[in-house]
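Notes to accompany the following structure.
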Amino acid sequence: MKTMAQATEEVSYLEAISQALDEEMTEDERVFLMGEDIGTYGGAFKITEGFLQKYGEWRVLDTPLAESGFVGAAIGAAMMGLRPVVEMQFADFISCAFDQITEVAAKNHYRWGAAVPIVIRAPFGGGVHGGPFHSECPEGWFFHSPGLKLVAPSTPYDAKGLLKAAIRDPNPVIYFEHKFLYRRIKSVLPKEDFVVPLGKADVKRVGNDVSVITYGAMVHLALEAAQTLANEGIDLEVVDLRTLIPFDKEAIYSSVRKTSKAIILHEDNKTGGIGAEIAALLAEDCFDCLDGPIVRIAPPDTPVPFSTPLEEFFLPKTSDIVSAARKLAAY
Amino acid sequence: MDVAVTAKEIKRDDLLQMYQYLRLTRALEDRITALYRQGRIVGGVYTSHGMEAIAVGYASALERDDIIAPFHRDMGAFLIRGFTTGEILAQYLGKRTGPSKGKDGNVHMGDIKRGVFGFVSHLADNLPVAAGAALAFKIRGESRVVFAGTGDGGTSRGDFHEAMNFAAVRKLPVVLFCNNNQYAYSTPLRLQMAIPNVVDRAKAYGMPGEIVDGNDVAAVYLTAKRAIARARAGEGPTFLEFKTMRMHGHSEHDPAKYVPRKLLEEWKKKDPILITEQLLKQLGYAEEGYFQEVDERVKNEVEAGVEFAEQSPLPEGPEVLEGVFATRADSH
Ligand SMILES: Cc1ncc(C[n+]2csc(CCOP(=O)(O)OP(=O)(O)O)c2C)c(N)n1
Ligand SMILES: [Mg+2]
């Protein structure tokens, strides 16, 4: 199996997800997988290739095409002591399971004390010519639903560590994995077991002048912008949220207290997005330390378009960050 | 029943026209596949290869005023409703002249004026919507009908069942269908449902259902006609299961190694174009040189489409902002 990579080899973001699933399934026999085409086919993106052969058909279940049905089933199995990890073929289809996620999984523990330890893997995001139904960033819908945890890794290390933490967490966790990063981002991972704790942000680049608060594929865009800006003497700090709920307020505040300038960057559309919440918190709690307006960079409020020039226009660009940072640095 | 005997109920010209649409669908989708392989089309390409008779048959059975909510393997329905090969190829190439002006790709196109609902990826999402269109016809006392469908996979979703139930309870003028092509992506029927035939689902809702040979355009047409007539007469919805086989991968990137080769070989003999050609010969409808003439015509139409699409402009970035809200409500 390709998930048995050598510890010195570079591992892609996709392989890191695969490894996390494989190791957790080996370690904990309560962990099992459900989803469309994840068994024989190994998943639309081949994350679970070979899993059916290795773990058998009762731990790798090809389901009927019915997201509400298999998420509901995961909730039931989780309450009976199993640890289901379900796959949305694309994050976009999570809308079909919205009711089970927000009304059942999110509220069970609050209402009657029943924990729902499930993980919903949701391949999200654009830049892959997917059009309106295969490119969405639906995290905003769930950001507003108390009782769910949301994670969105940007590197193979975080992808693996956060997935393990999500599987071990006693709550429903939606794991947003970015399709654009699957085969593009690689790194060497530690040999030994590790987790990345939920709720902890990570400073992906230390800088003094402007903070960029972001997550997912946008982290890489911010790092690119940081390189360009470094040549001009503008020192960007890139804060990767990694967990969207519960998010790491302290990490955001301490970065902004240092730089006094904040850019919030995400790929979900702007209005009512996660950036709005972070901006509001900064205004409430860090007003004294701000030396310029809080800037949000996010796509316009439209569906994700298909045609290349439209999608390029829609998605945030390095140049958007560069020009925003220049303006802020001048304050 | 002997195909040629039942096909005699169809007017010669109608049958010939359906044959031409089968050919045009095949040629257009083959061209789309070729463009995809060349990297000229980005994103997903789902074809109706080997299943063309379903959309061609049912769309030919409808009146112009009726509504179609097509499935993602119903290219023939678009052609019959007057979408040109140029428009369709422009859609696939993300051009401004495509029905969605570049905002969406592939078979995700629609046009309210031509009575075709835009497909939603989320399978079966359009079935309750189709029932709603039929409800409007019923409320207004119009004799129009809606024809809407999904795949075998799509019949597992709640929206399918909710649409079936509502349509039956209110005796709505809608025909709901399933293209049963044996697979939902890689998932075979036995992992999707515990019933031998999708049509069994209709009984649960008190709706008549019929199994139809989906590769026989004459059978599709005649059965669709009957179901449409029932709906138009106020007798309520019908469910049709078109038995067929997906002859290509789920989308063109998928080699479909999970499908037994033998199954494909068997179904290849039942190719809808082959069957229709035999039928036309048997009925003596095809005159000398007819097939060659169709070859020519279809090829020209597809190539004209390619030329139109290639010469069409791409949209410009800011056009993404257009059309989020309506300024007026068009209807059909
Ligand atoms: C709600 C939903 N979940 C998942 C998908 C991804 N998907 C697209 S087509 C498909 C299989 C469809 O099978 P079927 O309904 O039998 O239609 P076919 O493609 O075989 O004609 C899947 C899983 C989707 N489009 N919608
Ligand atoms: Mg199918």
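The values are calculated or read from the model by the stated rules, or taken from the named source; none is laboratory data. Note that the coordinates shown come from a computational prediction; the quantities given were computed from them, not determined experimentally. For neighbour counting, all protein chains shown are included, and Cβ atoms are generated from backbone atoms with ideal geometry for every residue, glycine included. The accessibility values were calculated without ligands, DNA or RNA, using every heavy atom of the protein model including side chains. Shrake-Rupley method; radii C 1.70, N 1.55, O 1.52, S 1.80 Å.
For the reader, a short list of remarks on this structure follows.
Matching residues to (1) within 16 Å of ligand 1 (Cβ to nearest atom); (2) in contact with a Lys or Arg (Cβ under 8 Å, 6 or more places away or on another chain); (3) open to solvent by 10 Å² or more (accessible area, probe 1.4 Å); (4) at pLDDT 95 or above:
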residue: B:136; (1), (2), (3), (4): no, no, yes, yes
residue: B:143; (1), (2), (3), (4): no, yes, yes, yes
residue: B:147; (1), (2), (3), (4): no, no, no, yes
residue: B:151; (1), (2), (3), (4): yes, yes, no, yes
residue: B:161; (1), (2), (3), (4): yes, yes, yes, yes
residue: B:178; (1), (2), (3), (4): yes, no, no, yes
residue: B:186; (1), (2), (3), (4): yes, no, no, yes
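- When restricted to residues that are more than 15 Å from ligand 2 (Cβ to nearest atom), part of a strand (DSSP E or B) and free of Cβ contacts under 8 Å to residues at least 40 places away in the same chain, region B:165-188 contains 0.
- Test: residue in region B:264-284 that is within 14 Å of chain A (Cβ to nearest Cβ), buried (at least 18 other Cβ atoms within 10 Å of the Cβ), more than 16 Å from ligand 2 (Cβ to nearest atom) and assigned to a loop (DSSP other than H, G, I, E, B): no
- You will find that of B:142, B:210, B:162, the residue that is within 14 Å of chain A (Cβ to nearest Cβ), among the charged types (D, E, K, R), over 30 Å from residue A:52 (Cβ atoms) and more than 16 Å from ligand 2 (Cβ to nearest atom) is B:162 and no other.
- As for region A:97-112, it holds at least one residue that is in contact (Cβ under 8 Å) with a residue 40 or more places away in the chain and either acidic (Asp, Glu) or within 14 Å of chain B (Cβ to nearest Cβ) (or both).
- Residue B:103 vs. criteria charged (D, E, K, R), within 28 Å of residue A:68 (Cβ to Cβ) and in contact (Cβ under 8 Å) with a residue 24 or more places away in the chain: yes
- Some residue of region B:193-206 being within 16 Å of ligand 2 (Cβ to nearest atom), surrounded by fewer than 19 Cβ atoms within 10 Å (Cβ to Cβ) and of a type in the set (Lys, Arg): no
- Filter result (in contact with a Leu (Cβ under 8 Å, 6 or more places away or on another chain), within 10 Å of chain B (Cβ to nearest Cβ), open to solvent by 10 Å² or more (accessible area, probe 1.4 Å) and not in a strand (DSSP E or B)) within region A:32-62: A:36, A:40
- Applying the criterion of at least 3 residues that are surrounded by 17 or more Cβ atoms within 10 Å (Cβ to Cβ) to the strands (runs of 3 or more DSSP E) found wholly in region A:141-212 leaves A:149-151, A:173-178, A:202-205.
- From A:311, A:284, residue being among the charged types (D, E, K, R) and either closer than 26 Å to residue A:180 by Cβ or assigned to a loop (DSSP other than H, G, I, E, B) (or both): A:311
- Test for residue B:119: is it within 16 Å of ligand 2 (Cβ to nearest atom) and either among the hydrophobic types (A, V, I, L, M, F, W, C) or open to solvent by 20 Å² or more (accessible area, probe 1.4 Å) (or both): yes
- Scanning region B:45-62 finds one or more residues that are within 14 Å of chain A (Cβ to nearest Cβ), buried (at least 20 other Cβ atoms within 10 Å of the Cβ) and touching a Phe, Trp or Tyr at 6+ places or on another chain (Cβ under 9 Å).
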